[in-house]
Structure formats: C-alpha cells, structure tokens
1. If you count, for each residue, the other Cβ atoms within 10 Å and average over each peptide, how do 14-21, 2-9, 25-32 line up from highest to lowest?
2. Using 7 Å Cα-to-Cβ label points, what is the Tyr18/Ile5 separation (nm, one decimal)?
Amino acid sequence: MSRTIPVPAPLVRSYADYLLEEYGELDSDYVFVNLWGGGSARH
C-alpha cells in the first residue's frame, strides 16, 4: 500500500542532499530504502 504525505520543498532538497552525500547516486523514488537487506520490499 502506498501513501502520499505532503512535504515542504526545502525539506525534500535537504534530504536529497543528505542521501547524495551519504550514499552517492541512488536509483529510487522511495524515502525509506534498505540498502543492505534482502528483497522483501513490496511495491
């Protein structure tokens, strides 16, 4: 089940900057990404 939560643009930009700095380029539109776990995520 997907949900939409409104988030201010400055917060999205800050979070994107953080992800880029910590993990490099990620190919995901998800906010919570498990980089080390198995394939148990459902879309």
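Read-outs throughout are calculated quantities, based only on the coordinates presented, and are distinct from any laboratory measurement. Worth saying up front: this structure is predicted, and the values here are computed from it rather than measured. Glycine also receives a Cβ, built like all others from the backbone with ideal geometry; neighbour counts cover every protein chain displayed.
1. Numbers: 14-21: 11.0, 2-9: 6.1, 25-32: 8.2.
Final packing ranking: 14-21, 25-32, 2-9.
2. Inter-label distance under the simple model: 1.2 nm.
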